[in-house]
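As structure tokens, the structure follows; a few thoughts come after it.
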Amino acid sequence: MSAVPQSLPVAMSLPASRGLRWCVDGLHLWWRAPITLLLLCFVPLLVESVLQLIPWMGVTLSKLVVPIVLMGILLGLDELARGGRLRWSCLLDALHRRRFLPLLVLAAMWGMGVFAVQQGVAWAVYGWPALDAVGLGHVMAHRGLMTMTFERVLLMSGILPSVLLWLAPCLFVLDGLSPWQSVCASVRTVLRFAAPFGVFLLVNLAVFALMLSVHWAFALVLLIGPWSVACTYAVWREVRAMVPAPMAMD
């Protein structure tokens with residue numbers, strides 16, 4: 001078993017404008033298989049909606065299953081970027097490439113970690129009804145709480161932890177790090193490249209604010225998904241081109 005890295009090694013700094021470039025790189029990657037990636041990214045959205053219909057455990061279950069599906073799509077994008085094609089079978093590739101327990105742990109740290117922050121903010125602002133409605137899925141019991149403002153608070157509060165963990169899924173499924181290594185290396189890398197990731201964060205905030213302010217928000221959700229996943233891979237690929245892969249835990 002190799003030593004756990006203290007941080008992702010850094011070869012150079014990046015200008016703040018690189019955060020905008022990552023957004024463009026994501027669009028370019030998406031354009032290589034526009035329809036397929038759009039349809040693939042609809043799957044986790046559908047899975048999340050269906051799972052959250054399950055009483056009590058549905059929301060929690062969705063936060064574990066959806067990250068696993070998204071990691072499969074990232075593996076598919078890696079194949080696409082290397083000259084292959086984006087396959088529908090990539091949805092299950094994460095289950096084939098990594099052992100189930102570490103995969104589940106990373107999904108929990110990633111999906112549940114972001115969700116926990118959202119829940120904490122919602123509880124601080126709205127109290128217990130927010131936890132009961134969103135965390136336990138009792139939406140109908142708190143229909144008066146389901147306002148546009150509540151949705152903005154819930155979704156926008158998840159942007160910052162999402163950016164901090166942005167590289168974790170790629171570090172896990174593509175570099176072979178352990179769940180803990182992946183999360184730590186992602187956070188440290190984001191903090192090291194604070195300027196471009198800060199710009200990247202602002203772009204994501206602006207996109208989500210737009211999504212929540214228009215009547216055709218559902219259409220934007222469908223478009224944000226493939227762009228976001230493609231950006232994740234684009235950011236990881238640039239970091240990987242700059243520095244050698246971190247040591248993995250066997």
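Computed values, structure above
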quantity: Scan of the stretch 13-57 for residues that are touching a residue at least 12 places away in the same chain (Cβ under 8 Å) and aromatic (Phe, Trp, Tyr), ordered by number; calculated: Trp22, Trp30, Phe42, Trp56
quantity: Set Leu61, Leu53: member being open to solvent by 40 Å² or more (accessible area, probe 1.4 Å), at pLDDT below 95 and part of a helix (DSSP H, G or I); calculated: Leu61
quantity: Qualifying residues in the stretch 70-100 (those that are closer than 16 Å to Leu167 by Cα and among the hydrophobic types (A, V, I, L, M, F, W, C)) - the one surrounded by the fewest Cβ atoms within 10 Å (Cβ to Cβ); calculated: Leu74
quantity: Flag if Leu38 is closer than 16 Å to Cys231 by Cβ and modelled with pLDDT under 90; calculated: no
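Results for (1) closer than 28 Å to Ser49 by Cα; (2) surrounded by 21 or more Cβ atoms within 10 Å (Cβ to Cβ); (3) modelled with pLDDT of 90 or more, shown as yes or no for each residue.
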site: Trp166; (1), (2), (3): yes, yes, yes
site: Ala185; (1), (2), (3): no, yes, yes
site: Ala195; (1), (2), (3): no, no, yes
site: Met211; (1), (2), (3): yes, no, no
site: Ser228; (1), (2), (3): yes, no, yes
site: Ala245; (1), (2), (3): no, no, no
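The values are calculated or read from the model by the stated rules, or taken from the named source; none is laboratory data. Values in this document were obtained by computation on a predicted structure and should not be read as measured data. No Cβ is skipped: glycine too gets one built from the backbone with ideal geometry, and neighbour counts run over all protein chains shown. What goes into the accessible areas is simple: the full protein's heavy atoms, side chains included, and nothing from ligands, DNA or RNA. Shrake-Rupley method; radii C 1.70, N 1.55, O 1.52, S 1.80 Å.
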